[in-house]
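Here the structure comes first, spelled out in structure tokens, and everything after it is commentary.
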Ligand SMILES: [Zn+2]
Ligand SMILES: [Zn+2]
């Protein structure tokens, strides 16, 4: 494994690690940081959407990872993509930012449906006494619904790599055991999929934290630069980076 790589993962197909370094992306990351600081919003066109303001990142533990990817288009021109991890203030899709790996409306519909059913079960459970025989089966039904939701949501994810192949998150995942909540939502998978969809060849990637990082050992530092995470990203990066070396070698 390349410790210094900004993004790396084991590829089951090639039986080796694929990786991508920072390259020129640090310059673009600094540019984005300046932009966020000066504009105070994610809206690149100066649109006044309060949901895109950066203030909320400075509430306690409110910070977020951002990422930039520098790539070359088919003419050899440099293109920069940007992404935020997960949702931004409840928004999955923001113009000018790499989209999620799933159709956002479908995802929100599934999540909302499950939420309604779980809340209704919870209301029924609290209305019963502990000795009521129905209570245990309702509690089990609620747990089963919660357990089933993430795999259903993950079923909506579609990944694309540098070979032009597409895969479900289940097929791309290269580690034994379950797929954790949040896998596929970080900046690196969003950026690499967006580059693959647009036929771009990635040259460098950089992820940084912006805002309040909270307390404790898991705390992240404002403006700190971090490699793609081991828990949620590495098991997808082998697939996502597969074919990159060949793409870079093409004239
Ligand atoms: Zn990650
Ligand atoms: Zn490979």
Highest average packing first - 128-139, 228-239, 144-155, Cβ atoms within 10 Å: 228-239, 144-155, 128-139
message: Under 8 Å for C-alpha pairs, at least 6 residues apart: give me the relative contact order for the chain, rounded to a whole percent.
response: 32
Two-decimal Rg/Rh across segment 102-156, once Rg and the Kirkwood Rh are taken from alpha-carbon atoms: 1.10
statement: the chain, convex hull of Cα, quarter of hull surface, nm² -> 16.0
query: Which angle from 0 to 90°, rounded to the nearest 10, does the C-alpha axis of helix 187-197 make with the longest principal axis of the chain?
result: 60
statement: Contact order relative to length for segment 180-251, counting C-alpha pairs under 8 Å separated by 6 or more residues, stands in percent at 36
message: Given the DSSP H assignment, sum -39500 (n - 2.57) over each helix run of at least 4 residues in the chain and divide by its residue total; what's the result at 222 nm in deg cm²/dmol, nearest 500?
response: -11000 deg cm²/dmol
query: What angle do you read, to the nearest 10 degrees and between 0 and 90, between the alpha-carbon axis of helix 25-39 and the longest principal axis of the chain?
result: 60
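Rounded if a/c is under 1.5, else prolate if a/b beats b/c, else oblate: with a ≥ b ≥ c from the C-alpha gyration tensor eigenvalues square-rooted, which is segment 19-158?
Verdict is prolate for segment 19-158.
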message: I need the peptides 113-125, 12-24 ranked by packing, meaning the mean over residues of other C-beta atoms within 10 angstrom, with the highest value on top.
response: 12-24, 113-125
- request: Any chance you could give the angle, 0 to 90 degrees and rounded to 10, that helix 104-127 forms with the longest Cα principal axis of the chain?
  value: 30
task: For segment 130-251, just say rounded, prolate or oblate: build the C-alpha gyration tensor, square-root its eigenvalues into a ≥ b ≥ c, call rounded for a/c under 1.5, and beyond that prolate if a/b exceeds b/c, oblate if not.
output: oblate
query: Classify segment 44-116: rounded, prolate or oblate, from the alpha-carbon gyration tensor (a ≥ b ≥ c, eigenvalue square roots; a/c under 1.5 rounded; otherwise prolate if a/b is larger than b/c)?
result: oblate
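FYI, it's all coordinate maths here, none of it is from the lab. A quick note: this is a predicted structure, and the numbers were derived from the prediction, not measured. Cβ: placed from backbone, ideal geometry, glycine included. Neighbour counts: every protein chain shown.
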